[in-house]
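Written out below as structure tokens is the structure these notes cover.
Each reported figure results from applying straightforward, stated rules to the coordinates on display, with no laboratory input. What you are looking at is a predicted structure, and each value in this text was computed from that prediction instead of being measured. Don't worry about glycine lacking a Cβ; one is built from the backbone with ideal geometry, like all the others, and counts go over all protein chains shown.
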Amino acid sequence: MKRKMFGVMFTAALLFLVACTSQSSPSAEEGAQEERREAAPDSSYEVLAKQLRTPWSIDFEGETIYISEREGNIVQLKGGTLNRQSVHTEKPVSHQGEGGFLGFALAPDFQDSGKAFAYHTYDQGGALMNRLVLLELKGDQWTESQVFLESIPGSNVHNGGRIAIGPDEMLYVTTGDSGEGELAQNQENLAGKILRLTLDGKVPADNPTAGSYVYTLGHRNSQGLAWNSDGDFYSSEHGPSGTPGGHDEINVITAGSNYGWPEIYGDDTLEGMELPLYHSGETAIAPSGIAFDDQDRLYVATLRGQKLYRFQPEKDGLETVLEGEGRLRDVKVHNGKTYVITNNTDGRGVPSDQDDRLLVLE
């Protein structure tokens, strides 16, 4: 009951903020394009990179920045110099709809090994699928060295794709429902899940179900993963399209839990299924990447919402940190600075001749 009341109060706060700061209330990420607005007067940021090609995720090695691009490249930004590196996978990247070269995370020993984890869409006999692979950097070329998972259901929509290494040094991966909601409730299918693997691609011995990569189920299209300083695990998730739309979620993730899709969403309840910490009511913001800062404030990059929000669960509030830059795909906090990538070239935005861009907030 406490979590449900919190969701209702938080939804009311969100709707009030959206009414005050938006020109319209978008119905879903899949909806029509919108005009880009001017940046908020108190926004202060620096543009670190321009003309990125539909970037999707950000990672760091020291002060060197790596960004995945959906068409199948990795951009290295070092000392202000942009270097676009090629990626060679055993099965070619299929950049269709929401698919392509998506999640990317450097291995903890990247400085010595040159290895990284990547999630990408590919064509399998005319059907779109997703796979999780290990890459290795040699010179300016990334090459697949090992495949961890294949045949994860994919489509033009709902591929999931976020990769993150948790405080337990395990690899976490989000998968979408591939537009077939019932797969999210199928324990034997990898669609609509959060997966957990060891860093060498095996099933951890303490996963909820022996022999299964599935950590949680009942997800529609999660695109954000983050942990706070206490080790609490959060995810962002796109809610249902159509009428009513919205009901985008922030969830607290616990091992073995079922987050309800497609059986429940919003404030619906069903025994054995989790309520979201927050949902956006009938206003769609399409949250993507999320990240905590050193004060445990959660930053949320949004696509339809076209804002970077800062959310503090205990304060029941959502603050606009950045707006007017169009669609935002990922956010990372690194050495006290907040980094954001725009996603206006993804086919649903209104790109300028400078898009897409990597921004760092002061």
Margin query: Every residue in the stretch 154-167 that is part of a loop (DSSP other than H, G, I, E, B) and either of a type in the set (S, T, N, Q) or within 20 Å of Phe60 (Cβ to Cβ) (or both), please.
Written below: Ser155, Asn156, Asn159, Gly161, Arg162, Gly166, Pro167
Check: With respect to the numbered conditions (1) surrounded by 19 or more Cβ atoms within 10 Å (Cβ to Cβ); (2) more than 14 Å from the chain's Cα centre (by Cα); (3) assigned to a loop (DSSP other than H, G, I, E, B), which one is the sole condition not fulfilled by Thr216?
Finding: (3)
Check: Filtering the stretch 182-214 down to residues that are touching a residue at least 60 places away in the same chain (Cβ under 8 Å) and touching a Lys or Arg at 6+ places or on another chain (Cβ under 7 Å), which residue is farthest from Ser113 (Cα to Cα)?
Finding: Ala184
Next item on the list: Only one of these is in contact with a His (Cβ under 9 Å, 6 or more places away or on another chain) and farther than 15 Å from Gly161 by Cα: Gly231, Gly239, Gly218, Gly256. Name it.
Entry: Gly239
Notebook entry, point to check: Do we find a residue being more than 18 Å from the chain's Cα centre (by Cα), within 28 Å of Gly100 (Cβ to Cβ), surrounded by fewer than 17 Cβ atoms within 10 Å (Cβ to Cβ) and not basic (Lys, Arg) anywhere in the stretch 288-306?
Noted result: no
Check: Within the set of pairs 6 or more residues apart or between chains, which connect a residue that is touching a residue at least 40 places away in the same chain (Cβ under 8 Å) and over 14 Å from Leu303 (Cβ atoms) inside the stretch 343-357 to a residue that is among the acidic types (Asp, Glu) and crowded, with 22+ Cβ neighbours inside 10 Å with Cβ atoms less than 8 Å apart?
Finding: Arg357/Glu325
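Residue-by-condition table, conditions (1) farther than 21 Å from Phe292 by Cβ; (2) surrounded by 16 or more Cβ atoms within 10 Å (Cβ to Cβ):
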residue: Glu314; (1), (2): no, no
residue: Leu318; (1), (2): no, yes
residue: Leu328; (1), (2): no, yes
residue: Asn335; (1), (2): no, no
residue: Thr345; (1), (2): yes, yes
residue: Arg348; (1), (2): yes, yes
residue: Asp356; (1), (2): yes, yes
Margin query: Filter the stretch 48-69 down to the residues that are of a type in the set (Asp, Glu) and part of a strand (DSSP E or B) and list them by number.
Written below: Asp59, Glu61, Glu69
